């Protein structure tokens with residue numbers, strides 16, 4: 001409501017006797033989109049108009065004196081310096097303000113439209129200077145808003161489907177809420193017209209005030225709103241109320257601008273920490289897969305003659321249990337005994353990973369609790385100064401949260417540390433799949449993808465051109481590739497493995513579509529690494 005038509009009308013009425021007869025002695029900008037016009041009266045008193053054409057903090061208010069800085073100041077409208085201001089006028093039904101100077105010169109303030117600006121217009125009507133942009137320029141067209149003149153007009157507008165807020169376009173939402181509040185539930189055009197006319201008559205003799213809206217922002221009103229339950233501060237003039245409210249809104253905007261990024265950072269890291277904690281807790285609640293791997297190893301060791309050479313799976317009776325048939329996945333390159341030893345090794349690795357997860361769990365809980373305390377502390381911050389104090393007091397922790405090494409989004413792909421110095425990168429969508437495979441993967445990295453189904457491109461980052469990752473590492477990476485595919489719910493899934501240099505994109509192929517050569521296939525259970 002700071003820039004509403006009725007507010008500007010009240011300001012112009014109050015400013016005319018104060019500023020008319022003074023001279024423009026300075027016009028400058030020291031912040032983007034902000035113009036200060038300084039007027040001196042015969043007594044030497046200075047009055048300044050502060051005008052902002054910069055969204056979202058557009059405003060126009062007056063203050064005493066001048067706050068010109070010594071540095072980073074841009075001067076404007078030199079041709080109007082020392083000219084006498086004769087009057088200030090507001091265009092009827094529009095928010096264009098004219099500052100008329102001696103000799104027929106005028107400043108047109110048009111700070112609230114899509115092409116907000118300030119223009120110096122000479123006596124013949126030409127634009128000779130402007131606050132923003134280069135010449136030539138044309139002044140905004142006057143477009144006075146049409147207000148209903150009687151109840152019949154209101155009835156016709158409502159009948160045509162026009163919402164109430166557009167029946168009285170010059171009334172701001174707060175005053176329209178006041179009309180609706182006084183009208184109760186009625187939609188009677190006569191009642192609405194009479195109540196709107198009553199409110200318009202009252203704003204011609206305003207009772208200016210300021211209150212805090214539901215978002216915590218200082219809000220100006222020409223009338224104390226009956227619908228507001230917050231404390232209302234009253235003022236003797238619209239000029240004073242607008243000045244105080246505009247400055248408080250600027251301070252609030254600066255505060256929000258400094259606090260919101262801080263809150264967002266902490267909230268993001270807290271959410272990530274809680275997700276990691278939840279995954280580890282869920283994994284530890286499930287029975288250990290180490291026991292199953294060891295049991296399968298025992299079954300193969302007790303019946304090695306049933307395992308055919310080169311087989312990828314074997315189905316054998318559970319002689320250690322109820323005798324039911326059990327299917328066990330094999331490495332076709334290994335003998336029966338070697339497959340059993342491989343399962344024993346997986347059982348050992350899985351149990352070790354579970355022990356690591358148990359150790360990590362306490363650290364994750366402590367980190368999450370630390371971030372929760374940090375987040376709670378930010379909710380009590382009320383000023384920009386308190387934001388600065390908070391950042392200084394928590395400098396080390398906030399620095400670690402902001403560092404790229406701690407940022408899960410520093411590299412856009414999903415990333416998994418699978419031990420022994422190996423890392424897996426997984427694309428999040430078709431576009432990222434192309435970028436991961438064709439741009440960021442090295443020729444000797446291992447490329448993986450679930451066979452025969454839609455899924456993410458997966459890269460196992462190897463340590464060098466001659467590095468051959470152990471089978472257990474390749475299986476962990478393949479399990480991740482299977483997890484991020486349509487085969488996630490399968491007990492076993494085939495995963496293609498090849499070096500990145502054997503993957504190419506056919507001409508004209510869709511995003512994510514590639515052709516693979518020299519592939520091998522790993523049968524694997526879809527899974528994520530423990531704790532990730």
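Computed from the coordinates by the stated procedures, all read-outs in this text should not be read as laboratory data. Note that the structure is predicted; figures quoted are calculated from it, not measured. Heads up, the Cβs are rebuilt from the backbone with ideal geometry, glycines too, and the neighbour counts pull from every protein chain shown.
A few comments on the model shown:
- Taking the longest Cα principal axis of the chain as reference, the axis of helix 173-183 is set at about 80 degrees.
- Here region 24-53 and region 173-244 have alpha carbon centers that stand 30 Å from each other.
- Region 5-130, relative contact order in percent, only Cα pairs under 8 angstrom and at least six apart counted: 20 percent
- Residue 376 versus residue 509: modelled label distance in nm, points set 7 Å from Cα along the beta carbon direction: 5.3 nm
- q = 0.21 Å⁻¹, region 41-159: log10 I(q)/I(0) [Debye, one scatterer per Cα]: -1.39
- Peptide ranges 298-304, 308-314 listed from the most packed, as the mean C-beta count within 10 angstrom indicates: 298-304, 308-314
- When each of the peptides 460-473, 239-252 is scored by the mean number of other C-beta atoms lying within 10 Å of its residues, the order from highest to lowest reads 239-252, 460-473.
- Taken along the Cα-to-beta-carbon direction at a fixed 7 Å, the label points for residue 365 and residue 146 span 7.0 nm.
- Shape summary of region 71-131, radius of gyration then Dmax from alpha carbon positions: 12.1, 40 Å.
- Whole-number percent relative contact order across region 414-524, with pairs defined as alpha carbons under 8 Å at least 6 apart: 28 percent
- The separation of region 480-500 from region 83-144, counted between C-alpha centres, amounts to 68 Å.
- Note on residue 40 and residue 338: their simple-model spin labels are 9.7 nm apart, each label 7 Å out from Cα toward Cβ.
- Ordering 475-481, 126-132 by mean Cβ neighbour count within 10 Å, with the highest value first, yields 475-481, 126-132.
- Across the chain, the mean sequence separation of Cα contacts (distance under 8 Å, 6 or more residues apart), normalised by length, yields a relative contact order of 8 percent.
- Computed from the C-beta positions of residue 139 and residue 82 and an R0 of 30 Å, the FRET efficiency is 0.80 to the nearest 0.05.
- Helix 189-203 vs. the chain, principal-axis angle (Cα, 0 to 90°, nearest 10): 70 degrees
- Shape parameters for region 171-273, alpha-carbon atoms, Rg then Dmax in Å: 18.2, 60
- A convex hull fitted to the Cα coordinates of the chain yields 267 cubic angstrom per residue.
- For region 414-524, the fraction of alpha-carbon pairs in successive 5 Å shells from zero, as %: 2, 14, 25, 28, 20, 9, 2, 0
- Degrees between helix 5-19 axis and first principal axis of the chain (Cα, 0 to 90, nearest 10): 50 degrees
- Counting only Cα atoms, the size of region 460-532 along its three principal axes is 39, 32, 21 Å, in decreasing order.
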